[in-house]
């Protein structure tokens with residue numbers, strides 16, 4: 001089995017997703033768009049993971065590979081491949097399926113609760129009523145046709161969605177590890193301007209390992225659901 005991930009900046013990698021893939025027997029390959037826009041043969045991959053990044057899906061002039069990436073994501077969805085989008089990745093799925101992406105009324109940066117939307121049946125992933133998750137985003141999107149909202153927060157209504165049985169987009173970062181949190185802060189601390197849902201560097205990096213463990217465990221559950 002082969003999992004391919006789309007990476008937009010060097011400091012936003014797979015995080016805890018990598019260990020789940022390794023335990024599950026996946027060969028891992030990637031397209032680092034900051035170096036190359038070479039994409040694999042769709043028939044050769046079994047799972048697509050689309051990671052985050054500080055750019056907008058609308059920045060096609062500055063990052064022309066976004067056009068090619070959206071086409072690839074749309075093709076993966078049309079082919080029925082399991083697809084997971086994280087933050088920018090979720091926005092790319094929404095954009096690829098024809099929905100607008102635009103600034104949210106507030107940025108969310110730090111540790112804030114995400115609330116699961118009760119699932120109607122077993123074909124939809126069921127988030128817990130509340131989980132403390134890591135966030136770093138300033139944009140949101142309209143839900144594409146046929147999508148089911150699976151998570152929300154006080155600061156952003158469309159925190160998570162599912163399309164069909166095998167596509168999930170998450171605005172928040174369940175994959176974050178202590179190392180990846182430090183890396184994000186190091187590269188993007190200029191965004192830490194105090195606001196209702198923007199925490200300080202000290203608050204972001206001061207959480208205990210149990211926060212990461214619970215969150216990463218939920219990421220494992222999402223991945224198992226997608227490929228199950």
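Can you give me the orientation-averaged projected area of the convex hull built on the Cα atoms of segment 84-197, in nm²?
Details: hull surface 28.3 nm².
Its Cα hull, projected and averaged over all orientations, spans 7.1 nm².
Among 77, 28, 109, which one shows the biggest mean-square fluctuation in a GNM of the chain, springs joining Cα atoms closer than 10 Å?
Checking each option, the largest mean-square fluctuation is seen for 28.
How far apart, in nanometres, would the label points at residue 182 and residue 61 be if each is projected 7 angstrom from Cα along the Cα-to-Cβ direction?
Going from the residue 182 label point to the residue 61 one covers 3.9 nm.
With a 10 Å Cβ neighbour count serving as the proxy for reagent exposure, in which order, fewest first, do 111, 136 appear? Intermediate values should be presented prior to the final figure.
Working: 111 19, 136 25.
Fewest to most other Cβ atoms nearby, the residues stand as 111, 136.
FRET efficiency for residue 126 and residue 190, Cβ-Cβ distance as r, R0 = 35 Å, nearest 0.05?
Details: r = 37 Å, r/R0 = 1.06.
The pair residue 126/residue 190 has a calculated efficiency of 0.40.
Summing -39500 (n - 2.57) over the DSSP H runs of n ≥ 4 in the chain and dividing by its residue number, what mean residue ellipticity at 222 nm do you reach, to the nearest 500 deg cm²/dmol? Numbers along the way, then the final one.
On the way: 6 runs with 66 residues, N = 228.
When only DSSP H runs of four or more count, the value is -9000 deg cm²/dmol.
Based on alpha-carbon centroids, what's the gap between segment 166-228 and segment 37-97 in Å, whole number please?
Their Cα centres are 20 Å away from one another.
Can you run the Rg to Rh ratio on segment 2-227? Use alpha carbon positions and the Kirkwood inverse-distance Rh. Walk me through the intermediate numbers first.
Values: Rg = 16.1 Å, Rh = 17.4 Å.
Rg divided by Rh gives 0.92.
By DSSP, what percent of the beta bridges with both residues in the chain are antiparallel, rounded to the nearest 5?
Values: 22 of 40 bridges.
Given both bridge residues lie in the chain, the antiparallel proportion sits at roughly 55 percent.
Fewest to most neighbouring Cβ within 10 Å: what's the order for 224, 95, 56? Numbers along the way, then the final one.
On the way: 224 12, 95 23, 56 18.
Fewest to most other Cβ atoms nearby, the residues stand as 224, 56, 95.
Just want the ordering: 50, 227, 67, from fewest to most Cβ atoms lying within 10 Å of their own Cβ. Working shown, then result.
Details: 50 28, 227 14, 67 11.
Listed from fewest to most nearby Cβ atoms, that is 67, 227, 50.
None of the figures in this text is laboratory data; all of them are computed from the coordinates on show. Keep in mind it's a predicted model, so treat the numbers as computed, not measured. Methodologically, a virtual Cβ is constructed for each residue, glycine included, from the backbone with ideal geometry; neighbour enumeration extends over all protein chains shown.
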